[in-house]
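A.B. asks: My questions all concern the structure below.
The values are calculated or read from the model by the stated rules, or taken from the named source; none is laboratory data. Nothing here was measured: the structure is a model prediction, and the numbers come from that model. Don't worry about glycine lacking a Cβ; one is built from the backbone with ideal geometry, like all the others, and counts go over all protein chains shown. In case anyone asks, the SASA skips ligands and DNA or RNA and just uses the protein heavy atoms, side chains included. Shrake-Rupley method; radii C 1.70, N 1.55, O 1.52, S 1.80 Å.
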Amino acid sequence: MMATVAIVGPGRSGLSLAAAFAGSGAVDEVLLFGRHAEPPPHPVASAPGIRYVFGLEPLAPDVQAVFLAVPEPAVPEVAWQLAEQGNAPPGCAAFHLSPVLPTDALEPLHRAGYGVGSFHPIVTLTDPARGPSRLAGSYVAVTAAPETLRTAQLLADALGAEVFAVPAFRRPLFDAAITLTSTGIVPLVLRAAELLEQAGVEPAEALSALLAGARSALDAIEEGASVAGGPLTAGDAERVALHLRALEGDDRRLYA
């Protein structure tokens, strides 16, 4: 059981984390720090167990972790602003959520006595209401010293997530890997849906059909498949050539 978790930044990621911690039963209270006098209109911001705070304030002794859920360019400035509020509560850890930003960005907090690290859930958090269900069963990549890593493990346990440690010098490889999947899949499927529309399929049906196909491919990977089906796997050069003749410009380059 953790006493209090603080989150700076009530955006989609911050609200998703707040909802997940508040609903976990493993945290007494979630403090949500924002830069507007009123909390965001999303119902998560006023849900039971979550207290919205305008601006920053010194953290109480029972705060065990603080997340900087702000855009990457703002992390160093927010770290400095939080450090200006005073020394860290005893044993408190501070994390940013970036997959690639070094923990050096949190140096002001380290000097103020915080354990610092990166805590990056490998899941897309676009809807705070669905954030808790998406975080449960997900994985979190953490870069931190051993003591802070233990705090990250407790936090991940509260979310129902698993942790793996990524050494600082390997973080670019980690970021490349998640970019190829979570970031790459979205524009690929959406562009494929546009091509299906050009083939005469209604837009809603095109997207639904491709999402079903993508899910079946992901299921096949989970079941142990090491290759996909289709002409590329079968070595059907004539079929691939037919595709390339039908496609133009960027679509042809994307397919290639």
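A.B. asks: How about region 75-156: which GluC sites (Glu not before Pro) there lie in a loop by DSSP and see at most 12 other Cβ atoms within 10 Å?
C.D. replies: When the GluC sites (Glu not before Pro) of region 75-156 are filtered for loop state and at most 12 Cβ neighbours within 10 Å, 84 remain.
A.B. asks: Take residue 177 and residue 127, extend 7 Å from each Cα along the Cα→Cβ direction, and tell me the distance between the two endpoints in nm.
C.D. replies: 2.9 nm
A.B. asks: Now for a different question. Any chance you could give the angle, 0 to 90 degrees and rounded to 10, that helix 12-22 forms with the longest Cα principal axis of the chain?
C.D. replies: With both axes taken from Cα atoms, the answer is about 60 degrees.
A.B. asks: So, one more: Just going by the charge dipole of region 37-149, with Lys and Arg at +1 and Asp and Glu at -1 on Cβ, which of 142, 95, 82 is farthest out on the positive end?
C.D. replies: So the residue furthest toward the plus end is 142.
A.B. asks: Could I get the Rg over Rh figure for region 1-134? Both from C-alpha atoms, Rh via Kirkwood, rounded to two places.
C.D. replies: 0.93
A.B. asks: At 0.36 nm per residue, minus the direct Cα-Cα distance, what do residue 80 and residue 239 gain on full extension? Give it in nm, one decimal, please.
C.D. replies: Separation in residues times 0.36 nm, less the Cα-Cα distance, equals 51.5 nm.
A.B. asks: How high is the relative contact order of region 1-159? Use alpha-carbon pairs under 8 Å, at least six apart in sequence, and give a whole percent.
C.D. replies: Relative contact order comes out at 23 percent.
A.B. asks: Taking the chain as the reference, fit the longest principal axis to its C-alpha atoms, fit the long axis of helix 184-198 to the helix C-alpha atoms, and give the angle between the two in degrees, 0 to 90, nearest 10.
C.D. replies: The answer is roughly 40 degrees.
A.B. asks: Over the alpha carbons of region 216-256, what is the largest minus smallest coordinate on each principal axis, giving the biggest first in Å?
C.D. replies: 35, 20, 12
A.B. asks: Let me ask something else. For the modelled label position 7 Å from the Cα of residue 36 along Cα-to-Cβ, which residues of region 6-21 have backbone nitrogen atoms closer than 12 Å?
C.D. replies: Label zone hits: 10-12.
A.B. asks: Next up: Let's see if you can work this out: charge +1 on each Lys and Arg Cβ, -1 on each Asp and Glu Cβ, no other charges. What is the dipole magnitude of the chain about its Cα centre, in debye to the nearest 20?
C.D. replies: 220 debye
A.B. asks: To continue, here is another question. So for region 75-143, considering every pair of alpha-carbon atoms, how many percent are separated by more than 16 Å?
C.D. replies: 52 percent
A.B. asks: Also, quick follow-up: Along the charge dipole of the chain, pointing to its positive end and built from +1/-1 on Cβ of Lys, Arg, Asp and Glu, which listed residue (203, 50, 224) has its Cα farthest out?
C.D. replies: Result: 224, furthest along the dipole toward the positive end.
A.B. asks: Averaged per residue, what accessible surface does the chain expose to a 1.4 Å probe, in Å²?
C.D. replies: 55 Å²
A.B. asks: Determine the sum of side-chain charges near residue 206: Lys and Arg each +1, Asp and Glu each -1, restricted to other residues whose C-beta is under 14 angstrom from that of residue 206.
C.D. replies: -3
A.B. asks: Could you give the size of the charge dipole of region 21-88 about its Cα centre, using +1 on the Cβ of each K and R and -1 on the Cβ of each D and E, expressed in debye and rounded to the nearest 20?
C.D. replies: Magnitude of the dipole: close to 120 debye.
A.B. asks: To continue, here is another question. Quick one: if you take sqrt(5λ) for each eigenvalue of the C-alpha gyration tensor of region 7-64, what semi-axes come out, biggest first, whole angstrom?
C.D. replies: Working through the eigenvalues yields semi-axes of 16, 15, 9 Å.
A.B. asks: Can you give the net charge of the other residues whose Cβ lies under 13 Å from the Cβ of residue 109, counting K and R as +1 and D and E as -1?
C.D. replies: So the environment of residue 109 carries a net charge of -3.
A.B. asks: Something else now. What share of all Cα pairs of the chain, in percent, falls into each consecutive 10 Å distance bin?
C.D. replies: Pair shares across the bins are 7, 26, 29, 18, 13, 6, 1.
A.B. asks: Still on this structure: Over all directions, the average projected area of the alpha-carbon convex hull for region 25-104 comes to how many nm²?
C.D. replies: Dividing the Cα hull surface by four gives the mean projection, 6.1 nm².
A.B. asks: For the chain, what does the helix formula give at 222 nm: sum of -39500 (n - 2.57) over DSSP H segments with n ≥ 4, over the residue count, nearest 500 deg cm²/dmol?
C.D. replies: Estimated from H runs of four or more residues: -12500 deg cm²/dmol.
A.B. asks: I'd like the orientation of helix 146-159 relative to the chain: the angle between its Cα long axis and the longest Cα principal axis, in ° from 0 to 90, rounded to 10.
C.D. replies: 70 degrees
A.B. asks: Taking all protein chains as present, what is the carbon and sulfur share of the accessible area of the chain, in % to the nearest whole number, probe 1.4 Å?
C.D. replies: Here carbon and sulfur together make up 59 percent of the probe-accessible area.
A.B. asks: Any idea how far apart residue 51 and residue 170 come out in nm if each label point goes 7 Å out from Cα toward Cβ?
C.D. replies: 4.0 nm
A.B. asks: Now a separate question. Enumerate the whole-percent occupancy of each 5 Å bin, from 0 to the last occupied one, for all C-alpha pair distances of region 137-227.
C.D. replies: 3, 12, 14, 15, 16, 13, 11, 8, 5, 3, 1, 0
A.B. asks: What do you get for trypsin sites (Lys or Arg not before Pro) in region 63-163 restricted to DSSP loop and a cutoff of at most 13 other Cβ within 10 Å of the site's Cβ?
C.D. replies: Hits after loop and neighbour filter: 130.
A.B. asks: Is any residue of region 174-191 close enough, with backbone N under 18 Å, to a label point placed 7 angstrom from the Cα of residue 139 along the Cα-Cβ axis, and if so, which?
C.D. replies: Taking a point 7 Å out along Cα→Cβ of residue 139, the residues of region 174-191 whose backbone N falls under 18 Å are 174-185.
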